[in-house]
Amino acid sequence: MSDQKAVIFDLDGTLLDTLQDLADSGNAVLEARGFPTHSKDDYRTFIGNGMINLVRDIFPGEHRPAEGEETEIVLEEYRAAYGRNWQNTTVLFPGIAELLESLTEQQIPIGVLSNKAHDFTLKCVEAFLGDWEWSVILGARDGIPKKPDPAGAVEAAASMGVDLGNIWYLGDSDVDMFTAKNSGMHAVGVSWGFRPVEELRECGAEVILEQPGDLLNLL
């Protein structure tokens, strides 16, 4: 391995503002089952630990789906709803396109590591981020532990051929900061995401970016 640097991004809340589409999908599941819905802002705390946790967390405590078949049924309902909604309002955060252009021009490899289901991760990258060449794109997959377990981060680094210590991992949640720390990557928090900046600092962010372009000062 060389001293090549690389950047890996979380997806939801870091590259893409997906909050409304995720909220609408969760609320569709709740409405269909006769449960009260949540505000868009409520979903900020439901996102980040993967779809299987989201579909359990949105239910009232006493009606939380049991692990196993009950959760799998609700997960399929959510996947169907998100399959209808994922392109409705999702956009890149301001400044992301310019950052990706700069990284590409500097020949710094870029990747995505998300707890979003792998198929939807690929769809979102292709649809919204397809103008750039990604060295690796990894979402949540069966048999691979989700973030903050370092397995995906280690796999991504190996795929890119870059040392873990030379990778800057950008994210908007505690899960992302722990992922970076657990794998030996640089933990970079973003201020424009779904979670409070204080949470990112408390969970080990080395730096908080006020805007995407600020990353270039770190590399």
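Mean residue ellipticity at 222 nm, helices only, the chain: -11500 deg cm²/dmol; runs of at least 4 DSSP H residues each add -39,500 (n - 2.57), and the sum is divided by the number of residues. For the stretch 53-179, the relative contact order is 17 percent, taking Cα pairs closer than 8 Å that sit 6 or more residues apart in sequence and dividing their mean separation by the residue count.
Pairs over the 23 Å Cα-Cα cut-off, from the set Lys5/Lys123; Lys5/Lys181; Lys116/Lys181; Lys5/Lys116: Lys5/Lys123; Lys5/Lys116. Computed over the chain with a Gaussian network model linking Cα atoms closer than 10 Å, the most mobile of Gly143, Gly171, Gly130 is Gly143.
Counting neighbouring Cβ atoms within 10 Å and putting the fewest first, the residues Ser39, Ser25 line up as Ser39, Ser25.
Once the convex hull of all Cα atoms in the stretch 73-161 is built, its volume per residue stands at 107 Å³. Taking the C-alpha atoms only, the angle from helix 151-160 to the longest principal axis of the chain is near 40 degrees.
Between helix 19-32 and the chain there is an angle of about 20 degrees, using the helix long axis and the longest principal axis of the Cα atoms. Which whole-number percent gives the relative contact order of the stretch 19-85, counting Cα pairs below 8 Å spaced six or more residues apart? 41 percent. Put in order of Cβ neighbour count within 10 Å, fewest first, the listed residues Ile73, Ile8 become Ile73, Ile8.
Relative to the longest principal axis of the C-alpha atoms of the chain, give the angle of the C-alpha long axis of helix 69-85, reported between 0 and 90° and rounded to the nearest 10°. Value to nearest ten degrees: 70.
Computed over all pairs of different Cα atoms, the Kirkwood value for the hydrodynamic radius of the stretch 19-85 is 11.6 Å.
Going from the fewest other Cβ atoms within 10 Å to the most, the residues Leu54, Leu19, Leu92 appear in the order Leu92, Leu19, Leu54. Based on C-alpha pairs under 8 angstrom that are at least 6 apart in sequence, the chain has a relative contact order of 25 percent. Compactness of the chain is given as radius of gyration and Dmax, 17.0, 56 Å, from Cα positions.
Read the figures in this text as sums done on the coordinates, not as results from a lab. In this text, all values refer to a predicted model and were calculated from it rather than measured experimentally. Please note: Cβ atoms are built from the backbone with ideal geometry, for glycine as well, and neighbour counts cover all protein chains shown.
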